[in-house]
Structures are given as C-alpha cells and as structure tokens.
Amino acid sequence: MSASTTATRENEGGRFSHVATGDLDVSHGVVLYLEDISVSFDGFRALNKLSLSIDIGELRCVIGPNGAGKTTMMDVITGKTRPDTGSVFFGQTIDLTRLSEAEIAHAGIGRKFQKPTIFEQHSVFENLELSMKADKRVRTTLLSKLSSAQKDSIAETLKLIRLGDSADQIAGFLSHGQKQWLEIGMLLMQEPKLLLLDEPVAGMSDEETERTAELFVSLAGKHSLVVVEHDMAFIEKIARKVTVLHEGSVLAEGPMEQVQNDPKVIEVYLGR
C-alpha cells in the first residue's frame, strides 16, 4: 500500500491544517474510529462522548430506541453533521471531520437512507451504469462507451442484488424491496470500503427481508457494513457483533445473545 499524502485546508477558524488523503490505511485492521464524539442540538445532546470502532470487513449492527443517536452517528461519519468534540478517522489517517460530504463519499464511504433514492425513469442497468465510479463530467459521460470490464462489473452486481432478470426494467416499476436492492447495487458500483445502511428492510416483505439478510452476509468481508435497524428478527439473522446506543452513548456491545440478555438493554430497549 502506498503512503498517504496530505492536503492543506483552511478550517473555519482561518487556520491551516493537514488532511490525510490517498490510500486507505487499514494496517491495524480497523476501518473506522469514533472517539469521544459529542453533538448537541439546541441544548439536546444527541451524542455523548460516543466511542466505537469498526473492523475491516466487519458486519456491525447498531440498535437502540428512538433518539439514541443512531442517525446522528451516521451523519457525523458522512460529514452531514460536524461533531462538537471528538475525532472520526477512516482508517489510520483520513480525518473525516476535515472533509466534505462529497470527499467522504469519494474516499470510500457509501450511505443508504431508509427511503430508496434511484433514477426511476431509467432502467435498472442504466441506474448501475450512472452510479459507476468514473469521471462524471458531462462530456466524458456522453462520449464514453462501457468497456468489457465495466459491463462485467454491472453484470456481477446485478447477479449479487438478484436483479439480473430485471436489467432492462424501468426502475420505477420495481417493488419496494427491489428498489432497496438496486440502491445498494448503486452504492456498490462506487466501490465503497464502508457501507452505512439505515433501516434497510423497513417496508419489505418477509421474503425480501430474508434475501436482504443473505445479501448483507455475502457482502461482509469484501466490504465493512454498519446496519442500523429496528427489526430484531432481521438483526438476529445477520448479527455478528451488536452495538446498543442509548442517550448518545454505547450502552452495550458484543455478540447478539450477550446483548439480548443484558439487563440494561432489556430495560431501556427490548422491554421484556
């Protein structure tokens, strides 16, 4: 792995700082570090000295009651919200608090929101083509033809998200679950190292939920995944390690069985 480089950026205080860019350094086996992150909105503390780390290739599930800080955590990781205090690093060297949302996405972090965002007037194939990690300047897009490698990449993704038979279908006519899979496929075309998935099975049928569980398990290892979900049956299907948030901090963390039997988790979230 080549050494990362640094770029000079002027921060809000008018001072200059160095922002690590270039290759993702996961030599320590960790793809994401959050340390002592606090975020307040109008006096409400959404995150309270939150610390956690995600290993390379890990599938981490994050659960917790409404208002626990799950969405704010993802907003901080993707640059939508700046923390009041604390640090967020992608690998060893990339300081996410210094990068814009677009720069964070380009660095290799993809986020899927609960409601799918796709190009509904285009075909499934075209959605994946438009999402491909490439030069997006208009002239390049208009003049380019897909290489055989690019076509193979789209075909592989179509198979992975189980939409191979729907490649020519207009995306707007897909079922809700199929639209969710297509958006995940669009993220995969960006070749992310880390995927953040917000309530991915909300509104899905039982069969679609089962297929989504299989998809996520198959992605783990090649990608790191952070899944935020309220559907506990789904979490049980995919969970390796579970983090429980409560009032902006980590309440419990560990294997699913351990978390399910934690008295603190039962009291504030599982309610049994």
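Just a few scattered comments:
- Residue in the range 78-87 that is buried (at least 20 other Cβ atoms within 10 Å of the Cβ) and not in a loop (DSSP other than H, G, I, E, B) present: no
- Single condition Glu156 does not satisfy, out of (1) surrounded by fewer than 22 Cβ atoms within 10 Å (Cβ to Cβ); (2) part of a loop (DSSP other than H, G, I, E, B); (3) without any contact (Cβ under 8 Å) to a residue 40 or more places away in the chain: (2)
- Enumeration of residues in the range 147-184 that are closer than 18 Å to Thr212 by Cα and charged (D, E, K, R): Glu156, Lys159, Arg162, Asp165, Lys179, Glu183
- Meets criteria (out of contact with any Cys (no Cβ under 7 Å at 6 or more places or on another chain), farther than 16 Å from Leu194 by Cβ and assigned by TED's automatic domain parsing to the domain that holds Val244) for Asp55: no
- So Gly86, is it assigned by TED's automatic domain parsing to the domain that holds Leu197 and either basic (Lys, Arg) or touching a residue at least 60 places away in the same chain (Cβ under 8 Å) (or both): no
- Residues of the range 179-193 that turn out to be polar (S, T, N, Q) and either in contact with a Gly (Cβ under 7 Å, 6 or more places away or on another chain) or modelled with pLDDT of 95 or more (or both), as a count: 1
- For the residues Val259, Val250, Val228, the requirement of being assigned by TED's automatic domain parsing to the domain that holds Gly91 and within 17 Å of the chain's Cα centre (by Cα) singles out Val228.
- When restricted to residues that are within 18 Å of Ala233 (Cβ to Cβ) and small (Gly, Ala, Ser), the range 172-216 contains 5.
- Yes/no for Leu187 being touching a strand residue (DSSP E or B) at 6+ places or on another chain (Cβ under 6 Å), in a helix (DSSP H, G or I) and within 27 Å of Ala149 (Cα to Cα): yes
- Qualifying residue in the range 133-141 (condition: modelled with pLDDT of 90 or more and not in a loop (DSSP other than H, G, I, E, B)): no
- When residues of the range 241-272 are limited to those that are assigned to a loop (DSSP other than H, G, I, E, B) and among the small types (Gly, Ala, Ser), the one modelled with the highest pLDDT: Gly248
- Close pairs from the range 251-271: first among the small types (Gly, Ala, Ser), partner part of a loop (DSSP other than H, G, I, E, B), Cβ under 9 Å, at least 6 apart: Ala252/Asp262; Gly254/Asp262
- Those residues of the range 33-69 which are surrounded by fewer than 20 Cβ atoms within 10 Å (Cβ to Cβ), under 23 Å from Ile94 (Cα atoms) and touching a residue at least 40 places away in the same chain (Cβ under 8 Å), in sequence order: Tyr33, Glu35, Asp36, Ser38, Asn48, Lys49, Ser51, Leu52, Asp55, Ile56, Gly57
- Per-region count, the range 115-129, residues part of a loop (DSSP other than H, G, I, E, B) and surrounded by 15 or more Cβ atoms within 10 Å (Cβ to Cβ): 4
- Boolean, Gly110 is touching a residue at least 60 places away in the same chain (Cβ under 8 Å) and either of a type in the set (Gly, Ala, Ser) or on the phi > 0 side of the Ramachandran plot (or both): yes
- For the range 142-158, the set of residues classified as charged (D, E, K, R) and modelled with pLDDT under 95 consists of Lys145, Lys151, Asp152, listed by residue number.
The values are calculated or read from the model by the stated rules, or taken from the named source; none is laboratory data. As the structure is a computational prediction, the values presented were derived from the model and not from experiment. Backbone-built Cβ (ideal geometry, glycine too); neighbour counts: all protein chains shown.
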